[in-house]
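What follows is calculated from the coordinates using simple rules that are stated; it is not laboratory data. Since we're looking at a predicted model, the values are computed, not measured. So basically every Cβ, Gly included, is an ideal-geometry build from the backbone, and we count neighbours across all protein chains shown.
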Amino acid sequence: MIKAKMKLTPEEISILQGGQGETMRKTMETLVRYGDAYDAECLVPLDGPIHMVCSFGMPTLRPLFKIMKEYVAEGIKTKLPFTADPRPIDYVNVEATEKEKEIFHQIYADQEKYEVLLKKIGLKDSNAFSCACYFDEVGNIPKRGDMLAWAESSAVVYANSVIGARTNRTSGVMELFSGILGKTPKFGFLTSEGRKADWIIEVKTTSVPRPQVLGSAIGMKVLEQVPYIKGLDKFLGTELTPDVKDYLKDMGAATASNGAVGLYHVENLTPEAKDYGVSLIRPEAKTYVIDDAELRRVVDSYPIMWKDINAAPQLAFVGCPHNSFKQLCEWTENLERALKNEGKEKVAIPTLFSTAPDVLEKFKKTEYYPRLMATGAHLTYICPLMYTANPLCSAKRIITNSNKLRTYSVSRYVDDADLLKAVVKGGLK
Ligand code: F3S
C-alpha cells in the first residue's frame, strides 16, 4: 500500500488495501496520490454529482475507455448520476459536407461506444450533455457549500462564484474517480482559505461592460488567482436575477479561459461577497482598475487569425458556454428586430445557437422556436469548440461572441451588436 500524506479514514485505508477489489484500489490510490500532490488534508464526501469534462469519443482517449470498461465489467458506477460536457457532433442541425463528416468520423470515431460507457457508469440520461449543467432544465444544481468535483472550467467558476459551492478545477478523469468513490481531496477552493481574494478589481467603466470582455480582462490579469470585483453591482444590482446569472455565466467563462480563474467574488452580489465582504480580500491583494480605455485595449489586443481579415464571415456561433432559455428568447427577438430594420427575412450567413439538449427541448415547445427558425438561424446542442477541432471547419471564417471560443480556436470575437449586424448584412462592414 502507498504511504499517504493525507489523513485517511479506516474505510478509505481498507479500499486502498484492496478491500473492495483491485479496480477500487487503483481508483483510490490515484485519487490519494492526486490529493497528496496538492497537499490535501483528507478526502471529503461529495455532496452532489460530478460534472465530467470529457464528452467526446476521441480514439486518443482509449486509456480512459479501458478504465471505464473495467468499471462496467465489475458493475461499478458513480455514487450519483452525473452530467458531462456537450456532444461534439450534430449533423441534423449543423450542416456538414461529406468531407467534413469523414474527418469528424475520424476525430470522434468512438463517440457512440463512449456514450454507451458513460451511461453504464452513471450518466444521468441521454440529454445530460451541457457545460451549463447547473441550468434548471439540466438539473445538476448544487447548493451553497456543497463539496463537488467538477472539471469543466466554465461550470466550475459558476458553481464556486455564483452558487457558492466548492469545487476545484478538477483534472479530467480525477472527477470520474471522485464520482466513483463519492469523495474528493480537500484542498484549494474546498477550503475557506483557498477562497480568499488575491486581487481587487475596480470596475470604473461608464456603462455596463460586456461580460465576455470584462471576464477576458480579469482572466488575463489574475490568471488562476481569485479576484474580488468592486463596482459591478452598480450595473448589475445586488440580486442574482436570471439576467444577472446569465451575465455572470458568460463573464465567468471568459475569466476561466482567457485566464484560469476558478472563483471570483462580486461585491454585494455573489453569496460569499454578500456575507463576508472585504474580509475575503487577502492583505497583500493587488489592484487592477478596469475602465473604458482598458476594455478597448483588451479587445484591440485580440489577434485576428483569418487569412483575409477583410473577408465576410462564413459562420456565426453563439452559445459558448451554452445559451440559457432566456438568452435564446432574447436572441430570437433581437434577430427579428435586426432583420426587420434591414428589410430582410433571413440571416445572410449560417448562424448557430448552442444550448443544452433539455433547454432545446423546452424551447421547441414555445412560440419562440418557429420564430427563430423563421429567421434562418439554427439551434444545436454541440460544443462549438469541438466543431472547430475539424480542420475543414476551423478553416472557415467564424465569428462568435464567446471569448472562450476565440481563445481556443481561430474564431473572431465580435460583441453581440456586431454579430447581429454581421449575420443580418452578411459582413462585418
Ligand atoms: Fe461549453 Fe464547449 Fe464552450 S464546453 S464553454 S461550449 S468550449
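Bridgeable aspartates and glutamates around Lys120 (alpha carbons under 16 Å apart, same-chain partners fewer than 8 residues away excluded): Glu70, Glu74, Asp110, Glu112. Taken one residue at a time, the phi angles of segment 212-224 give Karplus couplings (6.51, -1.76, 1.60, θ = phi - 60°) of 5, 8, 4, x, 5, 4, 5, x, 5, 7, 8, 6, 9 Hz. Gly and Pro are set to x. The spread of Cα positions in segment 229-329, taken along each principal axis and listed from longest to shortest, comes to 50, 35, 23 Å.
Binning the C-alpha pair distances of segment 95-217 at 5 Å intervals from 0 yields a P(r) profile of 2, 9, 13, 17, 16, 14, 12, 8, 6, 3, 0 %, listed from the shortest bin outward.
When the P(r) is computed for segment 285-346, the part past 13 Å accounts for 79% of the Cα-Cα pairs. Looking at segment 354-419, the trypsin sites (Lys or Arg not before Pro) that sit in a DSSP loop and have at most 13 other Cβ atoms within 10 Å of their own Cβ are Lys365.
Taking 0.36 nm per residue of separation and subtracting the Cα-Cα distance, full extension of the segment from Ser126 to Lys286 would add 53.1 nm. Among the listed pairs Lys234/Lys286; Lys66/Lys364; Lys101/Lys364; Lys234/Lys326; Lys234/Lys307, those whose Cα-Cα separation exceeds 29 Å are Lys66/Lys364; Lys234/Lys307. In a DSSP loop and with at most 14 other Cβ atoms within 10 Å, there are no chymotrypsin sites (Phe, Trp or Tyr not before Pro) in segment 160-229.
Taking Rh as the Kirkwood radius, which is the inverse of the mean 1/r over Cα pairs, what is the Rg/Rh value for segment 388-429? Can you show the working numbers first?
On the way: Rg = 10.6 Å, Rh = 10.7 Å.
Value, to two decimals: 0.99.
Mean projected area of the convex hull spanned by the Cα atoms of segment 60-157, taken over all viewing directions: 7.7 nm².
Counting only DSSP beta bridges with both residues in the chain, the antiparallel share comes to about 10 percent. Here the Kirkwood formula puts the hydrodynamic radius of segment 206-252 at 11.2 Å, using every distinct Cα pair.
Loop-resident chymotrypsin sites (Phe, Trp or Tyr not before Pro) (DSSP state other than H, G, I, E or B) in segment 84-123 with no more than 12 further Cβ atoms inside 10 Å of their Cβ: Tyr91. Of Glu29, Glu336, Glu345, the residue with the greatest mean-square motion in the GNM of the chain, using alpha carbon springs below 10 Å, is Glu345. Rg then Dmax, both in Å and based on the Cα atoms of the chain: 22.0, 73.
Excluding same-chain neighbours fewer than eight residues apart, the aspartates and glutamates reachable from Lys7 by a Cα-Cα span under 12 Å are Asp36, Asp39, Glu41.
Given segment 270-414, what whole percent of its Cα pairs are spread farther than 25 Å?
Above the 25 Å cut-off, segment 270-414 has 45 percent of its Cα pairs.
Figure legend: label point modelled 7 angstrom from the Cα of Lys344 along Cα→Cβ; residues of segment 364-399 with amide N under 19 Å from it are 371-379, 397-399. Listed by chain and number, the aspartates and glutamates whose C-alpha is less than 14 Å from the C-alpha of Lys143, apart from same-chain residues fewer than 8 away, are Asp47, Glu272. About the centre of its Cα atoms, the chain shows a dipole size close to 460 debye [charges on the beta carbon of Lys, Arg (+1) and Asp, Glu (-1) only; nearest 20 debye]. Across all Cα pairs in segment 336-385, the calculated P(r) in 10 Å bins from zero up to the longest distance comes to 25, 49, 24, 2 percent per bin. How many angstrom lie between the Cα centre of segment 176-253 and the Cα centre of segment 354-429? Between the Cα centre of segment 176-253 and that of segment 354-429, the gap is 24 Å. Taking only the Cα atoms of segment 337-429, the radius of gyration and Dmax are 13.8, 37 Å.
Along segment 297-305 the Karplus relation, 6.51 cos²θ - 1.76 cosθ + 1.60 evaluated at θ = phi - 60°, assigns HN-Hα couplings of 4, 5, 4, 5, 7, 5, x, 9, 9 Hz to successive residues, with x for each Gly and Pro.
Expressed as a whole number of Å, what is the distance separating the alpha-carbon centroids of segment 47-112 and segment 268-302? Value for the Cα centre distance between the two parts: 37 Å.
Before anything else, pin down the relative contact order of the chain: Cα pairs under 8 Å, at least 6 apart, normalised by residue count, whole percent.
16 percent.
Descending by average beta-carbon neighbour count within 10 Å, the peptides 153-161, 293-301, 260-268, 135-143 line up as 153-161, 260-268, 135-143, 293-301, the highest first.
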